[in-house]
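Here's the structure we're looking at; comments come further down.
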Amino acid sequence: MSFSKNLRIAFKFYWKAVFIIFYPVCLLPIFLVNNNTSNRCIYVIVLMAGLWITEALPIPITSLIPIALFPLMGILDSKETAACYITEPTILLIAGYMLALAVESSNLQMRISLHIIKLIGFSPRKLHIGFTCVTMFISMWISNTATTALMIPIVFTTLKELEEHGVGRIFEEEARLEQDEEGPDEVNRRPTRSTMGYFITIAYASTIGGTGYLTGNASNLAYKGIYETAFPNLKVNSGHWLLLCVPFMLITMFITFFWIELLYMGLFRPKSSAAEQFKASTEETVAAKAYIVEKLQRMGWITFHEIAVATCFLAAVILWVLREPQFFPGWADFWVPYDTTIKDATAGVAILLILFLVPRTTRCCYTFSSDEEKKPNSQSNGLLTWKYSLRRIPWALIFVIGAGFSIAQGSHNSGLSERMTRDLEGMETYSPFGVLAVAALAATLMTQLTTNVAVSGMLIPILATIAKATDVHPQYIMWSSTIACSFAYLFPVSTPPNALVANYINIPTTEMMKVGFGTAIISYMVLLMIFAGFLPFLIEIDKFPLDAYMELDPGVSTTVKE
């Protein structure tokens with residue numbers, strides 16, 4: 001066998017090892033030529049980006065790199081870096097996911113899925129539309145992370161029902177079983193293109209839906225806090241937000257829906273493999289509908305377990321929505337025994353405690369009954385059990401989300417964020433539209449590798465300064481750039497919804513990058529159209545308001561929900 005052929009074989013099987021060895025070495029000139037803290041931070045970020053894209057190391061392991069390199073390179077100390085991995089948004093993510101697990105363990109998602117199929121029909125495209133609209137609407141009012149976690153089991157169960165009736169497949173092939181010290185486990189399951197389409201849509205609908213109202217997204221609330229601090233006599237108008245952002249949300253989601261349909265669902269390509277998966281005869285459809293009705297009848301009346309979990313689910317949604325609704329005081333404003341700030345993680349964990357405390361049957365109520373048949377004959381489990389949750393919680397996501405926060409903190413401490421925002425100060429000579437376009441583009445690019453609230457914390461204060469220098473209304477550029485901070489579509493690490501769906505269904509990073517790039521362009525163009533075209537009707541964009549102005553440092557602390 002020739003040397004070149006042996007080399008090709010070796011590279012085929014060991015390219016990851018080669019990449020891991022040589023890629024970091026090739027990046028060394030980033031900071032060796034000019035060794036300062038910000039360049040060392042850039043080195044770590046570019047290193048992680050390459051490993052995330054290629055998946056030469058598992059994504060969660062790549063996400064731990066800051067814990068090793070930030071202290072060694074003098075960017076952050078170990079304590080500060082490690083603290084980024086367990087934060088309020090991380091706890092909210094776990095609480096939301098465990099609430100979704102409670103729905104799954106009660107089989108409530110099966111009942112919901114069957115009713116959705118019965119109502120909409122077995123058309124995958126109609127189901128795709130239904131899931132998109134429901135996810136987008138819920139995400140307007142509660143955290144996009146929680147929305148995604150709650151929708152995932154419903155979508156998966158619905159696809160499973162479709163698969164059982166010969167309409168589509170969830171995975172390309174059967175999972176290979178791999179034995180490890182903990183027993184056999186399923187690995188290397190590759191989802192079909194249609195499955196990836198469904199789950200990517202859920203993630204993006206959560207993100208885009210979060211722009212529709214103030215409470216739906218972390219960066220929205222960060223913007224409100226920064227704007228009203230910088231301009232004490234000005235307030236963010238909830239009505240104006242709905243007037244502009246709801247049309248933006250609907251138009252962006254409408255175009256994004258067709259973009260995903262085109263890539264993954266065989267839209268306009270009836271002979272493609274993706275379209276072929278969804279073909280079903282009239283007889284199959286009729287039989288499937290009859291089966292759904294029969295299965296609902298077999299399930300019988302809704303159980304106490306399902307009712308209790310549904311009650312906890314609704315309670316969590318209500319607590320999240322009404323914690324800080326903006327247009328009237330929220331329940332957290334009246335909770336004043338102590339001078340503390342209450343965030344969504346508090347409500348999420350409170351509901352989580354109830355899930356583990358309340359029994360899943362009512363037999364405990366008959367402990368003292370005279371009827372021996374009604375008395376409990378064994379200990380009742382809670383609505384959710386730790387044993388059920390332990391192996392299902394995506395622990396790796398803690399590393400992925402923590403990496404985003406550590407990058408943001410490292411960028412701030414190293415001076416990289418200030419360096420990036422100083423580069424934007426040249427926009428003072430631009431026209432108002434030019435400032436809007438450049439600032440929104442900067443936010444779109446920056447948010448791909450760090451959290452949207454971190455980007456808004458870095459970028460929005462400097463835009464307040466630029467607004468004063470250019471004599472334009474600050475809302476014109478600050479508001480639009482805040483929305484652009486949500487355009488985190490390219491990587492699993494970009495935002496928790498991406499990480500959730502990528503981890504749950506094993507979506508390759510390259511696939512998310514491909515569809516995310518197009519979605520980012522769609523969102524950016526619609527943003528320019530809406531804000532440049534319609535915001536001038538609500539405010540005088542070419543006039544800086546004569547109100548008290550307070551200088552803000554880039555990187556101002558903004559602790560809000562993700």
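The values are calculated or read from the model by the stated rules, or taken from the named source; none is laboratory data. All values derive from a computational prediction rather than experimental measurement. Neighbour counts are summed over all protein chains in view; Cβ atoms, including those assigned to glycine, are modelled from backbone coordinates with ideal geometry. Remember, those area values only see protein heavy atoms, side chains included, never the ligands or the DNA or RNA. Shrake-Rupley method; radii C 1.70, N 1.55, O 1.52, S 1.80 Å.
From Met110, Met136, grab the single residue that is at pLDDT 80 or above and crowded, with 17+ Cβ neighbours inside 10 Å.
None of the other options fit; the residue is Met136.
For the subset of the range 81-102 comprising residues that are of a type in the set (Gly, Ala, Ser) and touching a residue at least 40 places away in the same chain (Cβ under 8 Å), which member is surrounded by the most Cβ atoms within 10 Å (Cβ to Cβ)?
Residue satisfying both the conditions and the ranking: Ala102.
Can you tell me which of (1) within 19 Å of the chain's Cα centre (by Cα); (2) in a helix (DSSP H, G or I); (3) at pLDDT 85 or above; (4) surrounded by 24 or more Cβ atoms within 10 Å (Cβ to Cβ) is the one Leu490 doesn't meet?
Exception for Leu490: condition (2).
Give the residue, chosen from Pro497, Pro508, Pro536, that is modelled with pLDDT under 90 and within 22 Å of Ser139 (Cβ to Cβ).
The match here is Pro497.
Can you say whether Lys118 is loosely packed, with under 15 Cβ neighbours inside 10 Å and in contact (Cβ under 8 Å) with a residue 12 or more places away in the chain, as far as the supplied structure shows?
yes
Could you list, in sequence order, all residues of the range 371-402 that are in contact with a Leu (Cβ under 9 Å, 6 or more places away or on another chain), modelled with pLDDT of 85 or more and among the hydrophobic types (A, V, I, L, M, F, W, C)?
Correct list: Leu383, Leu384.
Testing Gly74 on (1) buried (at least 18 other Cβ atoms within 10 Å of the Cβ); (2) outside any helix (DSSP H, G or I), one condition comes back false. Which one is that?
Evaluating Gly74 over (1) buried (at least 18 other Cβ atoms within 10 Å of the Cβ); (2) outside any helix (DSSP H, G or I) leaves (1) as the failure.
Is the range 246-267 home to any residue that is farther than 24 Å from Met529 by Cβ, open to solvent by less than 70 Å² (accessible area, probe 1.4 Å), modelled with pLDDT under 70 and touching a helix residue (DSSP H, G or I) at 6+ places or on another chain (Cβ under 7 Å)?
No, the range 246-267 has no match at all.
Considering the range 493-533 alone, what residues qualify as being more than 15 Å from the chain's Cα centre (by Cα) and under 18 Å from Phe399 (Cα atoms)?
Once the filter is applied, which keeps residues that are more than 15 Å from the chain's Cα centre (by Cα) and under 18 Å from Phe399 (Cα atoms), the range 493-533 yields Asn506, Pro508.
When the residues of the range 459-487 are filtered to those that are open to solvent by 10 Å² or more (accessible area, probe 1.4 Å) and among the hydrophobic types (A, V, I, L, M, F, W, C), which remaining residue is nearest to Gly402 (Cα to Cα)?
Selected residue: Ile462.
I'd like the full set of residues that are modelled with pLDDT of 80 or more and not hydroxyl-bearing (Ser, Thr, Tyr), limited to the range 204-236.
Those that are modelled with pLDDT of 80 or more and not hydroxyl-bearing (Ser, Thr, Tyr): Ala205, Ile208, Gly209, Gly210, Gly212.
Which one is nearest to Met196 (Cα to Cα) among residues in the range 121-133 that are part of a helix (DSSP H, G or I) and open to solvent by less than 30 Å² (accessible area, probe 1.4 Å)?
Going through the qualifying residues, I end up with His128.
Among the residues of the range 418-450, which ones are under 22 Å from Ala488 (Cα atoms), of a type in the set (Ser, Thr, Tyr) and either assigned to a helix (DSSP H, G or I) or at pLDDT below 65 (or both)?
Thr421, Thr444
Which pairs have Cβ atoms under 7 Å, sit 6 or more apart or on different chains, and link a residue in the range 382-393 that is among the small types (Gly, Ala, Ser) to one that is in a helix (DSSP H, G or I)?
That search, which allows pairs on different chains as well, returns Gly382/Leu355; Gly382/Phe356; Gly382/Leu357; Ser389/Met98; Ser389/Leu101.
Only one of (1) under 22 Å from Thr510 (Cα atoms); (2) modelled with pLDDT of 75 or more is not met by Asn188, so which one is it?
(2)
Tell me, which residue of the range 57-71 that is open to solvent by 10 Å² or more (accessible area, probe 1.4 Å) and outside any helix (DSSP H, G or I) is modelled with the lowest pLDDT?
Per the stated criteria, the residue is Pro58.
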